[in-house]
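This report concerns only the one structure given below.
The values are calculated or read from the model by the stated rules, or taken from the named source; none is laboratory data. Being a predicted model, the structure only gives us computed values, none of them experimental. Positions of Cβ are backbone-derived with ideal geometry, glycine not excepted, and every protein chain shown enters the neighbour counts.
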Amino acid sequence: MAARHYNQVEGRRIGAIGLGAGTIATYAAHGDVLRFYEINPAVVKAAKNYFYYLQDCKADYEIILGDARISLEREFKKTGGHNFHILIVDAFSNDTIPVHLLTKEAFSLYWKHLRPDGILALHISNAYLDLSPVIRNLAQLFGKKALSIKVEPDKLSSSRSEWVLVANDEQFFNDENLKKSSTPWPDNKPQKVIWTDDYSNLLVALKKQPLLFWR
């Protein structure tokens, strides 16, 4: 949805925190600039040697190895913001999540690298944690709007994918296709919690799981 919003724009600038297999590369077109931030060298090796997404990428792409937040902070101090149209944060699917990518300070950094009408897309699929309240509170803190997107399983996937899109562009949120794809929030008023570099609490993000008993 975020990529489609800028379909008519030439030379889109896309940032992606988390490389994975490199599937994000399929959304980039000729003339686009794509920057991946990946902390694990083994992931980079696997994406290049065992998958074809990077090989078939039509855009100019670069992989920045290391902690994404440290890299973005260093780049901002050196050359200023990247002026991304879209910044994708896809680093929360594992059991242990990088909390430092979901703090007030991290969000402040993201918006330094995004255009005023840019879109922050966060992939929050996780078996144990519901990160949507954390993101919604951060979005409100920065005067942005957050929208939930849940993609049901298909032939290529056996599990549902959950995303949160954050922006302040009313034209983007008024798109009819986006409205049809959006999912209502489970609660109108999420628990008020703002994670910072000095405070975070994963207990507030735990999904309510049914109790299991063993004999």
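Among the residues in segment 130-147, are any modelled with pLDDT of 80 or more, acidic (D, E), surrounded by fewer than 10 Cβ atoms within 10 Å (Cβ to Cβ) and farther than 22 Å from L114 by Cα? No: zero hits. Within the set A106, A139, A127, the sole residue that is among the aliphatic types (A, V, I, L, M), under 15 Å from the mean Cα position of the chain (by Cα) and closer than 24 Å to L19 by Cβ turns out to be A106.
Contact map, segment 43-72: first residue at positive phi and in contact (Cβ under 8 Å) with a residue 24 or more places away in the chain, second residue surrounded by 15 or more Cβ atoms within 10 Å (Cβ to Cβ) and aromatic (F, W, Y), Cβ cut-off under 8 Å, separation 6 or more or different chains; pairs are G66/Y37.
Of all the residues in segment 65-88, those that are within 15 Å of the chain's Cα centre (by Cα) and among the β-branched types (V, I, T) number 2. Which members of segment 125-143 meet the condition of being out of contact with any Ser or Thr (no Cβ under 7 Å at 6 or more places or on another chain), at negative phi and among the small types (G, A, S)? Result: A127, A139. Residues in segment 25-74 that are over 17 Å from L114 (Cβ atoms) and acidic (D, E): E38, D56, D60, E62, D67.
Do we have S148 as small (G, A, S) and assigned to a strand (DSSP E or B) here? Here the answer is yes, as S148 does meet what is asked.
When A29, A91, A42, A46 are checked against the criterion of being more than 19 Å from the chain's Cα centre (by Cα), among the hydrophobic types (A, V, I, L, M, F, W, C) and modelled with pLDDT under 95, a single residue qualifies: A29.
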